[in-house]
Amino acid sequence: SMTSSTSIAEVCFAGLPTTMDVPKAPNLTASNVLTLEPDLSSLQILPYAPKTAMIMCTAHDQLSQNLSPLCTRGLLERVLHAAREEVGLEFCIGAEIEFMLYRLNKDGLMQPMDASTFANSTTLNDQEDFISSVYDQLRLQDIPVELIHAESAPGQLEVVLSYSDDGLQLADNVLFAQETIKNVAKNYRMQAIFLPKTSMSAAGNGLHLHFSFEDVGSPSNAFSDSFRPTGISRKGESFIEGILDHLSSLLSFSLPTVNSYRRVGAG
């Protein structure tokens, strides 16, 4: 049944497929079992594998049915609900997905598809068919794309997803987009690399998120206030203060590994 849940051992979370580097996950065991509850609204037929569908789930403790602390999707859903119901704010979020296209050279070593730099037409022209295929397949999944452009590193592209006032949908779209990019690249005998850093002599890959927010029921951006000296509302200042106050904790999410720090450098 489409609505039936399935089970997964907690330890499997340490080895789930990912497009980026992930931190080690200690203290996970095979004895703890989680129930995956499907969200039917997220169901996608995959254009690159049309006999296959993908669906997002939330992970729950099998005995208590409480949301598992390992479930980041459930955490995001809970935070967005708290922002709306307790603070009266709704977020609008955009995402920029960077990746590099690699292939095997004649010596059997992985190398970038070209030696281009930022905004260079080389990658755009050489990979025209790949880019068109990515765009078309994302559209088939109702994932709105604002822009696809060449980035700073050799063989690097960026897919910019349109802003969304549904943060959970945007997070799902990022994962669907990454899966699509990876599989389309494979069809073109390339490999899409999302790692933060692949070479110390070239720029790395980022996943940039852009936030704004508005009061519930209002179409206006609540971050700005033209009557205040800074042009930023009190809520906007509180948002910035919260980021600065919790920056060290936020880095555990945004820069989770040594490879992540290689991308941003010292300081």
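Checked across the stretch 174-185, the condition of being farther than 21 Å from E77 by Cα, polar (S, T, N, Q) and either touching a residue at least 40 places away in the same chain (Cβ under 8 Å) or part of a helix (DSSP H, G or I) (or both) holds for at least one residue.
Filtered by the rule that a residue be open to solvent by less than 10 Å² (accessible area, probe 1.4 Å) and more than 17 Å from Q44 (Cβ to Cβ), the stretch 123-134 gives T123, F130.
Taking the condition among the polar types (S, T, N, Q), open to solvent by 20 Å² or more (accessible area, probe 1.4 Å), in contact with a helix residue (DSSP H, G or I) (Cβ under 7 Å, 6 or more places away or on another chain) and not in a loop (DSSP other than H, G, I, E, B), does Q137 pass? First the steps, then the outcome.
On the way: among the polar types (S, T, N, Q): yes; open to solvent by 20 Å² or more (accessible area, probe 1.4 Å): yes; in contact with a helix residue (DSSP H, G or I) (Cβ under 7 Å, 6 or more places away or on another chain): yes; not in a loop (DSSP other than H, G, I, E, B): yes.
Criteria met by Q137.
Restricting the stretch 200-209 to residues that are over 13 Å from Y261 (Cα atoms) and in contact (Cβ under 8 Å) with a residue 12 or more places away in the chain leaves a set whose member that is most open to solvent (accessible area, probe 1.4 Å) is L209.
Among the numbered conditions (1) farther than 15 Å from A192 by Cα; (2) at pLDDT 90 or above; (3) of a type in the set (A, V, I, L, M); (4) more than 22 Å from the chain's Cα centre (by Cα), the only one that M113 does not meet is (1). For the stretch 231-267, what are the residues that are surrounded by 15 or more Cβ atoms within 10 Å (Cβ to Cβ) and more than 28 Å from T72 (Cα to Cα)? The answer is I232, S233.
Consider the stretch 83-121. How many of its residues are hydroxyl-bearing (S, T, Y) and assigned to a loop (DSSP other than H, G, I, E, B)?
Within the stretch 83-121, the subset hydroxyl-bearing (S, T, Y) is 102, 116-117, 121.
Next, from what is left, pick out any that are assigned to a loop (DSSP other than H, G, I, E, B): 116-117.
So the count comes out to 2.
Per-residue answers, yes or no, for (1) at pLDDT below 95; (2) open to solvent by 80 Å² or more (accessible area, probe 1.4 Å):
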position	(1), (2)
L157	no, no
D165	yes, yes
L170	no, no
I181	no, no
A192	no, no
L195	yes, no
P229	yes, yes
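Exactly one residue out of A115, A82, A153 is touching a residue at least 12 places away in the same chain (Cβ under 8 Å) and open to solvent by less than 40 Å² (accessible area, probe 1.4 Å): that is A153. Being touching a His at 6+ places or on another chain (Cβ under 8 Å), assigned to a helix (DSSP H, G or I) and of a type outside the set (S, T, N, Q) is not true of L80. Applying the condition of being farther than 28 Å from N205 by Cβ and hydrophobic (A, V, I, L, M, F, W, C) to the stretch 12-44 and asking which residue is modelled with the lowest pLDDT yields A30.
The values are calculated or read from the model by the stated rules, or taken from the named source; none is laboratory data. All values reported here derive from a predicted model rather than from experimental measurement. Heads up, the Cβs are rebuilt from the backbone with ideal geometry, glycines too, and the neighbour counts pull from every protein chain shown. Accessible surface areas use protein heavy atoms only, side chains included; no ligands, DNA or RNA. Shrake-Rupley method; radii C 1.70, N 1.55, O 1.52, S 1.80 Å.
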